[in-house]
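Note sheet for the following structure.
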Amino acid sequence: MAERGVPRDGWVIEHPNREKAASKATKAIVVGLLLVTVVLLVVVTIGGWDALQGAKAVQIAYAVVFLVSAGFIARWNRGLLPVVAALSMILLVFAAVSAPGWFDRDKAGFTSPALDEDLVGLLTLVLIPLQLLLIAFAMRGFAQAWNVEVERPADDGRRRSPEPQPA
């Protein structure tokens with residue numbers, strides 16, 4: 001019996017859903033949204049470091065998890081898509097709750113962050129629609145069934161090869 005993911009002799013494994021333009025576009029969009037989220041999280045974390053209280057570790061963990069997830073999803077790992085969607089929902093809630101607080105920091109008694117409070121607040125607000133998009137595209141990618149494998153005879157591929165056959 002052949003090992004899972006390893007074809008039998010004379011057979012090849014194909015992933016037909018990964019060849020579709022929609023799947024490739026969805027993967028690229030999800031990876032791009034994850035990377036943009038990581039950049040925004042890093043800027044907000046560094047820019048608001050002095051003012052952040054208990055959220056430093058959470059934001060760093062989110063950045064690391066999203067960066068690692070982007071790498072796996074770029075290699076067609078479909079299993080992380082629902083995890084990314086769930087984490088994005090939580091991050092969306094965090095951003096929605098914390099954004100108004102950044103705009104209120106211009107009053108007396110608050111520590112000023114390294115970046116302007118309004119800029120950090122705006123970047124936090126930008127995370128909200130970004131996470132909505134990430135949730136939608138992650139679920140779209142999950143529905144595209146990137147994991148489907150089809151085993152076919154290897155000689156079948158030679159007949160469909162775009163290379164000219166010798167006469």
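When segment 97-132 is limited to residues that are aliphatic (A, V, I, L, M) and in contact with a Ser or Thr (Cβ under 9 Å, 6 or more places away or on another chain), the one that is surrounded by the most Cβ atoms within 10 Å (Cβ to Cβ) turns out to be Leu127. Of the residues making up segment 45-80, those that are more than 17 Å from the chain's Cα centre (by Cα) and of a type outside the set (A, V, I, L, M) are Thr45, Gly47, Gly48, Trp49, Asp50, Gln53, Gly54, Lys56.
Could you tell me whether any residue of segment 88-103 is closer than 21 Å to Ala145 by Cα and touching a Leu at 6+ places or on another chain (Cβ under 9 Å)?
There is at least one residue in segment 88-103 that is closer than 21 Å to Ala145 by Cα and touching a Leu at 6+ places or on another chain (Cβ under 9 Å).
For segment 13-66, a tally of residues being within 25 Å of Arg78 (Cα to Cα) and assigned to a helix (DSSP H, G or I) returns 33. Quick one: is Thr26 in contact (Cβ under 8 Å) with a residue 12 or more places away in the chain and either more than 30 Å from Ala143 (Cα to Cα) or over 20 Å from the mean Cα position of the chain (by Cα) (or both)? Judged against the criteria, Thr26 is not a match.
Here, each number is a calculation from the coordinates, and none is a lab measurement. Nothing here was measured: the structure is a model prediction, and the numbers come from that model. Using ideal geometry, Cβ is built from the backbone for each residue, glycine included, and neighbour counts are taken over all protein chains shown.
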